[in-house]
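Please read the structure below before turning to the comments.
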Amino acid sequence: RKEVEQDPGPFNVPEGATVAFNCTYSNSASQSFFWYRQDCRKEPKLLMSVYSSGNEDGRFTAQLNRASQYISLLIRDSKLSDSATYLCVVNGGTSYGKLTFGQGTILTVHP
Amino acid sequence: GAGVSQTPSNKVTEKGKYVELRCDPISGHTALYWYRQSLGQGPEFLIYFQGTGAADDSGLPNDRFFAVRPEGSVSTLKIQRTERGDSAVYLCASSLSPEAFFGQGTRLTVV
């Protein structure tokens, strides 16, 4: 089993749609969780950290369920500019500080 | 700029040659990471430094790969006897807190 697994995607949605991505992680000792965004042929960029209480940043909402070892990202009112690959990232566990990435989920928002 | 800097941005080398990839982290960041990313995949962990020491090198695929960070700042990833399968984008990231920030990567092509 991979350490971090994401929805296979790709997701193709119209502008204005709400879309949700899911991610599971295998190591219950993991401590920090993130969503990164990666545009084509660019480096990953931090989108948001994920906290146990859930957190929101504008149109983006992240949730963490430690019991189920599950992370989610919700994007409301999708924009064309949201088209990218979304990477679920987990830090810690057996190796504190090591960031483990999921394979990414491709999102395409169309007019 | 104040971001993570990687050089060169592109490197084409012949099979069997030796290459060095350089990473200049954000000033003051104690943690430094190397990842490798192939098309359609998430970044694959190679090695992680805290200061000068390698805290976790479990991702280095074999003994042809080696990385150093002698003064706790700049890091060099060294690949000996390159193979075509080493072709990928090599990403470096640095961190002070759990969140990590990436450079633009070095695209290595082995021909």
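Throughout, read-outs are computed from the coordinates displayed, never taken from laboratory work. Because the structure is predicted, anything quoted here is derived from the model rather than measured. In this analysis, Cβ positions are derived from the backbone assuming ideal geometry, glycine residues included, and neighbour counts consider all displayed protein chains.
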Listing B:Thr106, A:Thr108 by rising number of other beta-carbon atoms within 10 angstrom, fewest first, gives A:Thr108, B:Thr106
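Using Cα-Cα distances under 8 Å and only pairs 6 or more residues apart, what relative contact order does chain A have, in percent?
Answer for chain A is 37 percent.
With an 8 Å Cα cut-off and a minimum separation of 6 or more residues, compute the relative contact order for chain B in percent.
About 37 percent, as a whole number.
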When the Karplus curve 6.51 cos²θ - 1.76 cosθ + 1.60 is applied with θ = phi - 60°, which whole-Hz ³J(HN,Hα) does each residue of region A:14-21 get, with x for Gly and Pro? x, 3, x, 6, 9, 9, 10, 10
Based only on other Cβ atoms within 10 Å, what is the fewest-to-most ordering of B:Arg107, A:Arg37, A:Arg66? A:Arg66, B:Arg107, A:Arg37
Cα gyration tensor shape of region B:2-44, rounded if a/c is under 1.5, else prolate or oblate by comparing a/b with b/c: oblate
Give the cross-link partners of A:Lys45 among the aspartates and glutamates, using a straight C-alpha distance below 16 Å as the criterion and excluding same-chain residues fewer than 8 apart. A:Asp57, A:Asp82, B:Glu44, B:Glu99
